[in-house]
Amino acid sequence: MHPALFLFSRIDPSYPLSMPKPLTFDPHPGLAMVQAWISSLKSKTGRSLDEWLSLARKSGPKDEPSLRAWFKSAHNLPTNSAWWLAERTFGKGTGEDSPEAYLASAARYVNDQYSAKRAPLRPIFDALYHLSRSLGKDVRICPAKTIVPIYRRHVIAQIKPSTNTRVDFGLCLTTYKGKLPKRLVDTGGLAKKDRITHRFELTTPAQVDPDVARYLKLAYDLDT
């Protein structure tokens, strides 16, 4: 049995004492914004996404930076639309176009983060994943390319392989006024108005311990 499983069962007694595989992920909240952009393209610009991509491949510049500029100068598109369309013209960013596309990419994002020299860090990620899932059914785990944010109503935590030997587990403790343990590093997030204000620096799965569980649960409880 994984040494952290006891922690999971203490948070949620119904949580299974065997780690289910493969891991499952949740659609990223940002998908709604991307889908709204796609659905509004025709009415706002006169062309649908497919029509813009067809035009760009036929008549636009052949490199991405020039294509971004072309969308803006030749077609008066705003900066964000120019960037998104240029990415999609070159086959990038399509993982955000639908929940199905995103979920197909999510596991790959995690595998890529913990590949090569960072592969030994994967057990730390897995322990944090299961600890987060044990908080409740309203937890959403939504991988991005370089980090894995964890949501309740808002981001409450994030998992990031910061070096080849360390995973940073960031927590949102913006409204907490109590004393924190020394191993919880202040990220400067409060001053920067970043939701992630503190982090645990983890180098082994055994460090996913009662302190980590306690302060993750605190971040979860604060996000009501």
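The values are calculated or read from the model by the stated rules, or taken from the named source; none is laboratory data. Being a predicted model, the structure only gives us computed values, none of them experimental. Here the Cβ positions follow ideal geometry from the backbone for every residue, glycine too, while neighbour counts run over all protein chains shown.
Residue check: residue 18 meets all listed conditions (1) surrounded by fewer than 12 Cβ atoms within 10 Å (Cβ to Cβ); (2) at pLDDT 75 or above but one, namely (2).
Going through (1) in contact (Cβ under 8 Å) with a residue 40 or more places away in the chain; (2) surrounded by fewer than 16 Cβ atoms within 10 Å (Cβ to Cβ); (3) of a type in the set (A, V, I, L, M, F, W, C) one by one, residue 213 falls short only on (2). Only one entry in 146, 197, 163, 175 is hydroxyl-bearing (Ser, Thr, Tyr), over 25 Å from residue 108 (Cα atoms) and within 20 Å of the chain's Cα centre (by Cα), namely 197.
One residue is enough: does region 124-143 have a residue meeting the conditions under 17 Å from the mean Cα position of the chain (by Cα), crowded, with 16+ Cβ neighbours inside 10 Å and without any contact (Cβ under 8 Å) to a residue 12 or more places away in the chain? Checking region 124-143: not a single residue is under 17 Å from the mean Cα position of the chain (by Cα), crowded, with 16+ Cβ neighbours inside 10 Å and without any contact (Cβ under 8 Å) to a residue 12 or more places away in the chain.
Based on this model, can you work out whether residue 165 counts as assigned by TED's automatic domain parsing to the domain that holds residue 206, of a type in the set (Val, Ile, Thr) and in contact with a Phe, Trp or Tyr (Cβ under 9 Å, 6 or more places away or on another chain)? No.
Closer than 30 Å to residue 127 by Cα and either of a type outside the set (Gly, Ala, Ser) or modelled with pLDDT of 95 or more (or both): is that true of residue 79 in this structure? Here the answer is no, as residue 79 does not meet what is asked.
None of 117, 72 is surrounded by fewer than 21 Cβ atoms within 10 Å (Cβ to Cβ), at pLDDT 95 or above, basic (Lys, Arg) and more than 30 Å from residue 169 (Cα to Cα) except 72.
With the condition kept exactly as written, say whether any residue in region 178-193 is part of a strand (DSSP E or B), touching a residue at least 24 places away in the same chain (Cβ under 8 Å) and within 29 Å of residue 27 (Cβ to Cβ). The answer is no, given that none of the residues of region 178-193 is part of a strand (DSSP E or B), touching a residue at least 24 places away in the same chain (Cβ under 8 Å) and within 29 Å of residue 27 (Cβ to Cβ). Among the residues of region 194-210, those that are surrounded by fewer than 17 Cβ atoms within 10 Å (Cβ to Cβ) and assigned to a helix (DSSP H, G or I) comprise 206, 210.
Being surrounded by fewer than 17 Cβ atoms within 10 Å (Cβ to Cβ), over 30 Å from residue 213 (Cβ atoms) and in contact with a Phe, Trp or Tyr (Cβ under 8 Å, 6 or more places away or on another chain) narrows it down to one of 61, 65, so name that one.
Only one candidate passes the filter, namely 61.
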